[in-house]
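The values are calculated or read from the model by the stated rules, or taken from the named source; none is laboratory data. These numbers were taken from a predicted model, which means no experiment stands behind them. Cβ coordinates were reconstructed from backbone atoms using ideal geometry, including for glycine residues, and neighbour counts include every protein chain displayed.
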Amino acid sequence: MPKTPKATPPKKTAAKSAARNTDSGPARVAPVAADDHAARKMAETQAMVASMPYNENKAEEHGFDNGVDPPAGQAVEAPSRLVGASTLSEENSSDKVGTAALDGLNATTDSLDRVRVDASGRALTTNQGVAIADNQNSLKYGVRGPVLLEDFILREKITHFDHERIPERIVHARGSGAHGFFECYEPLTRYTRAAPFQAAGKRTPVFVRFSTVQGERGSKDTARDVRGFAVKFYTDEGNWDLVGNNIPVFFIQDAMKFPDLVHAVKPEPHHQMPQAASAHDTFWDFVSLMPESTHMLMWVMSDRAIPRSFATMQGFGVHSFRLVNEQGESVFCKFHWTPVAGTHSLVWDEAVKISGADPDFHRRDLWERIEAGNHPEYELGLQIFTEEQAEQFSFDILDATKIIPEELVPLTPVGRMVLNRNPDNFFAETEQVAFCTAQVIPGIDFSNDPLLAGRIHSYADTQISRLGGPNFHELPINAPLVQVHNNQRDGMHRQAIHRGRVSYEPNSLAGGCPFQAGAAQGFVTVPARIRAEEEQGKVRAKPEKFADHYTQARLFYESQTPVEQGHIANAFRFELSKVTVPAIRERMVASLRNASEELAKKVADGLGMDPMPQPLPRALADPAPPEVAKSPALSLLSRPGDGSIKGRKVALLVAPGVEAEAIERLQAALAQRGAVGRLVGPRIGPVRTAAGDTLDADASLENEPGFLFDGLVLPDGDEAVAALSQDGHTAEFIRDQFRHCKTILAMGASRLLLAHAGVPVAMDKSLAQGGTGLIVVEPGAEESGAAAFLEALARHRHFGREMDPPLA
Ligand code: HDE
């Protein structure tokens, strides 16, 4: 047998040479001179790898205990930064590459400051940073000659332009966003370990996107539709997306039906009409065959579906979620956002008109409120309940077509959200933001709601085609504020530049990093047990209680005020009147009979349907009796808000000869209260007042019609009144304000304008006090009139004077 040669220490020169190879390594690593970086890197790498002789966690990966309490991964500290570096030259800094990366720091996930671009004082450049001398002319051979292919500046500009558009969202394409923060009231540690709820006063940055569902990206804001209410929390344990709507239930119970629902409500495929509207055959055909949608239809036909503003609508997480505390104990929970400004809506005639005059009505309102410092604010309330409670309910908490009445589980207020900054750039932020229901953090978990399950898949999936690949999480608006470390690599548009050669786990070449976080830090799924279902096996089926399609539809309708019930009936009448196939209408009315005979009768009358069709057969003949027959919290009018008029818009009409003093005083009073008072004249520009001064009208009867305002002030002054009555827009302006039940103040001579518009003018005490929101005052009483006006404006609408059909 040959003798093993006696080991002698390897030569330093050999070590130096081996350290520079990339395709093989020495049998042993030599000690190195401190000045030889390559050899030192090799030696330190060897030492680190050797300190992890085997995978210590392997044995623990098996069994139930690992499911609830996985261990932290094995990790050792690298001897120096050199070990993790890709290159030895990374210490060479330049303006382009910057300095060497800091240990464990990933600057790509820092705040948006990193990518905010400010061109002030700067010259135009190409995308390569070459200054552009002439941005007006393409490069030609002679001034009248052909354009040359060589013109790289023209070609770069046009090419980029050609690719500016990305696919719009398949649903919720039309949206508006804002930045803000969530602030926790009290620690909620008893229920959850979720980062935003750990300390009183703790603030977590958020980005919110509000949207309509059915219309295209450029469609009108005021369509009758559900509104999306999606909140991204940039927590210090990663991003949490609460992707909700302004209605707490949904049309369907199982994700399997979502593509069918969306195909039915979108413009019909043959002629692509109507845009952003559910009032057409395919929608009503589908929902009348899907009676589980009846509860949602009640909400969508109510004024909830035509909000006055994003700042005046509620938001809901819809599904049941779980909260999980430090001990791994969980409870169920539903999320509710309640606007501090109260819940206020448009009326249908107004919504239709606004969609023509200002399709950006809600976007503008949100933008202007924030710019004016009237920051939209919402309180987050939770309905927290246990599995045992859920078992007792007459409905299934996994059914997204059901609410939990607040009488059963009251709201626990846990914090507030304030939206206080508009985005810098619509595309970079509002368009590229990617919400995903799968994005939860430790402390939040899912229920078994089958609709939610489909969503957990869908959102990440859809971004891959919408945002062009799997790296959309790196877009600055989507990147979490915490660091991101994993072994996912490459793909289109990758931005992170990962150091080192390791992209797998377990490893020893990177000292085991990034290592698995373990239960103390990481997300651990609640080991929720499914009771008594073991023998059933795999099935495509629904729980029995899902078959109760009408109890909560009735509860919603019965909980509305008579005014709201009237609006629901009118909305069904309008939508179904747009259906061209009578049998679809009849089927829908037949279904409504199961929810409310009264409602069905009103709708049938409105559609000239006599006799009414027989009620639809029910899926569940004998549903469990409901816990409550009425829930006042379901009425929009039950949440008038804080009584302020912040963000309201008032038109103060002016014309030559106007008595300006009262107008100016009122304008100042509105501004003081955070409302906007705009001077609207027959045309924009200077207006001579009765006293010979000048007012400046910044809006005209033509460019800002009456239905865009929450209130109207008509001025005194014979000459001004005469001028206004000469303009046909004035009568329309007043009539719309009156018809939409808004607050009107008419001073002195302007009473004639009311008569001119066909508005009934009865002067009595209750009117002067603003009882019906129509305040008519004689000269000299302007001050008390103004006070009554401001008070009535805070009540938003005066439905006491609503008529169907409208008289004026
Ligand atoms: Fe969505 N939904 N959805 N949805 N949804 C999307 O994701 C989906 C549902 C909601 O401002 C899409 O990024 C399925 C309920 C909002 O960017 C898509 C199902 C609720 C937004 C998608 C539902 C919502 C979306 C399209 C049934 C209220 C806009 C673009 C299983 C709780 C987010 C995108 C934003 C957007 C799928 C049902 C709310 C296709 C499959 C219920 C607020 O992934």
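For region 652-733, please list each of the strands (runs of 3 or more DSSP E) lying entirely inside it that holds at least 1 residues being over 15 Å from residue 746 (Cα atoms).
In region 652-733, 676-681, 685-688, 694-697 are the strands (runs of 3 or more DSSP E) which contain 1 or more residues that are over 15 Å from residue 746 (Cα atoms).
Give me the pairs, please: first residue somewhere in region 109-127 and at negative phi, second residue anywhere and modelled with pLDDT under 85 and not in a loop (DSSP other than H, G, I, E, B), beta-carbon distance under 9 Å, and either six or more positions apart or on two chains.
Filtered contacts from region 109-127: 114/107; 114/108.
When you check residue 357 against the structure, is it touching a Ser or Thr at 6+ places or on another chain (Cβ under 8 Å) and in contact (Cβ under 8 Å) with a residue 40 or more places away in the chain, yes or no?
No, not satisfied.
Restricting attention to region 197-218, which residues are within 16 Å of the ligand (Cβ to nearest atom) and either modelled with pLDDT under 95 or surrounded by 18 or more Cβ atoms within 10 Å (Cβ to Cβ) (or both)?
Residues satisfying the conditions are 206, 207, 208, 209, 210, 211, 212, 213, 214, 215.
Determine which single condition residue 399 fails, assuming it passes every other condition in (1) more than 16 Å from the ligand (Cβ to nearest atom); (2) more than 20 Å from the chain's Cα centre (by Cα); (3) touching a residue at least 40 places away in the same chain (Cβ under 8 Å).
(1)
Taking residue 146 as the residue in question, decide whether it is of a type outside the set (Phe, Trp, Tyr), more than 26 Å from residue 346 (Cβ to Cβ) and within 16 Å of the ligand (Cβ to nearest atom).
No; evaluated as a whole, the condition is false for this residue.
Please specify each residue of region 501-524 satisfying the condition of being surrounded by fewer than 12 Cβ atoms within 10 Å (Cβ to Cβ) and either over 30 Å from residue 88 (Cα atoms) or in contact with a His (Cβ under 6 Å, 6 or more places away or on another chain) (or both).
Listed by number, the list holds a single entry, 521.
Being surrounded by 10 or more Cβ atoms within 10 Å (Cβ to Cβ), over 42 Å from the mean Cα position of the chain (by Cα) and at pLDDT 95 or above is true for just one of 171, 147. Which residue is that?
147
Let's see how each residue does on (1) over 30 Å from residue 395 (Cα atoms); (2) among the hydroxyl-bearing types (Ser, Thr, Tyr):
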residue: 628; (1), (2): no, no
residue: 635; (1), (2): no, yes
residue: 645; (1), (2): yes, no
residue: 651; (1), (2): yes, no
residue: 661; (1), (2): yes, no
residue: 668; (1), (2): yes, no
residue: 674; (1), (2): yes, no
residue: 677; (1), (2): yes, no
residue: 688; (1), (2): yes, no
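Just one of 194, 279, 230 is touching a residue at least 60 places away in the same chain (Cβ under 8 Å) and within 16 Å of the ligand (Cβ to nearest atom); which is it?
230
Search region 166-191 for residues being within 16 Å of the ligand (Cβ to nearest atom) and of a type in the set (D, E, K, R), and hand back the single one that is nearest to residue 259 (Cα to Cα).
169
Before we move on, is residue 539 out of contact with any Ser or Thr (no Cβ under 9 Å at 6 or more places or on another chain) and touching a residue at least 60 places away in the same chain (Cβ under 8 Å)?
Against the criterion (out of contact with any Ser or Thr (no Cβ under 9 Å at 6 or more places or on another chain) and touching a residue at least 60 places away in the same chain (Cβ under 8 Å)), residue 539 does not qualify.
Which of the residues belonging to region 427-446 are more than 15 Å from residue 234 (Cα to Cα), in contact (Cβ under 8 Å) with a residue 24 or more places away in the chain and not acidic (Asp, Glu)?
Once the filter is applied, which keeps residues that are more than 15 Å from residue 234 (Cα to Cα), in contact (Cβ under 8 Å) with a residue 24 or more places away in the chain and not acidic (Asp, Glu), region 427-446 yields 428, 430, 432, 446.
Which of the numbered conditions does residue 490 fail, given that it passes all the others? Conditions: (1) free of Cβ contacts under 8 Å to residues at least 60 places away in the same chain; (2) buried (at least 18 other Cβ atoms within 10 Å of the Cβ).
All conditions pass for residue 490, except number (2).
Could you please let me know if residue 566 is farther than 15 Å from residue 624 by Cβ and in contact (Cβ under 8 Å) with a residue 60 or more places away in the chain?
In short, yes.
Given the condition touching a Gly at 6+ places or on another chain (Cβ under 9 Å) and without any contact (Cβ under 8 Å) to a residue 60 or more places away in the chain, answer yes or no: does some residue in region 501-512 qualify?
yes
If a residue must be β-branched (Val, Ile, Thr), assigned to a loop (DSSP other than H, G, I, E, B) and either under 20 Å from residue 289 (Cβ atoms) or in contact with an Asp or Glu (Cβ under 6 Å, 6 or more places away or on another chain) (or both), how many such residues does region 227-272 contain?
Qualifying residue count for the region: 2.
Is one or more of the residues making up region 235-248 without any contact (Cβ under 8 Å) to a residue 24 or more places away in the chain, touching a strand residue (DSSP E or B) at 6+ places or on another chain (Cβ under 7 Å) and more than 9 Å from the ligand (Cβ to nearest atom)?
no
Quick grid of which residues meet (1) under 19 Å from the mean Cα position of the chain (by Cα); (2) in a loop (DSSP other than H, G, I, E, B); (3) more than 13 Å from the ligand (Cβ to nearest atom); (4) over 27 Å from residue 181 (Cβ atoms):
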residue	(1), (2), (3), (4)
458	yes, no, no, yes
465	no, no, no, yes
480	yes, yes, yes, no
484	no, yes, yes, no
487	no, yes, yes, yes
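With the requirement that a residue be among the hydrophobic types (A, V, I, L, M, F, W, C) and in a helix (DSSP H, G or I), what does region 367-384 give you?
Those that are among the hydrophobic types (A, V, I, L, M, F, W, C) and in a helix (DSSP H, G or I): 367, 370.
So residue 191 passes all but one of these: (1) in contact with a strand residue (DSSP E or B) (Cβ under 6 Å, 6 or more places away or on another chain); (2) closer than 26 Å to residue 367 by Cβ; (3) part of a loop (DSSP other than H, G, I, E, B). Which condition number does it fail?
(2)
From (1) within 16 Å of the ligand (Cβ to nearest atom); (2) under 18 Å from the mean Cα position of the chain (by Cα); (3) not polar (S, T, N, Q), pick out the condition that doesn't hold for residue 333.
(2) is the only condition that residue 333 fails.
Taking the stated definitions as given, is residue 332 within 22 Å of residue 192 (Cα to Cα) and either surrounded by fewer than 20 Cβ atoms within 10 Å (Cβ to Cβ) or out of contact with any Gly (no Cβ under 6 Å at 6 or more places or on another chain) (or both)?
Taking the combined requirement at face value, the residue satisfies it.
When both residues are 6+ apart or on different chains and their Cβ atoms are under 6 Å apart, which pairs have a first residue that lies in region 169-184 and is on the phi < 0 side of the Ramachandran plot and assigned to a strand (DSSP E or B), and a second that is within 8 Å of the ligand (Cβ to nearest atom) and among the small types (Gly, Ala, Ser)?
Here the result reads 175/211, each pair linking region 169-184 to a residue that is within 8 Å of the ligand (Cβ to nearest atom) and among the small types (Gly, Ala, Ser).
Starting from region 790-808, keep only residues that are on the phi > 0 side of the Ramachandran plot, then list their pairs with residues that are basic (Lys, Arg) and assigned to a loop (DSSP other than H, G, I, E, B) whose Cβ atoms are within a distance under 9 Å, requiring at least 6 positions of separation or different chains.
Final answer for the pair search is 796/308; 796/648; 796/742.
Within region 700-730, work out how many residues are of a type in the set (Gly, Ala, Ser) and surrounded by 21 or more Cβ atoms within 10 Å (Cβ to Cβ).
4
Can you work out which of the residues in region 417-452 that are in contact with an Asp or Glu (Cβ under 9 Å, 6 or more places away or on another chain) and part of a helix (DSSP H, G or I) is farthest from the ligand (Cβ to nearest atom)?
It comes out as 427.
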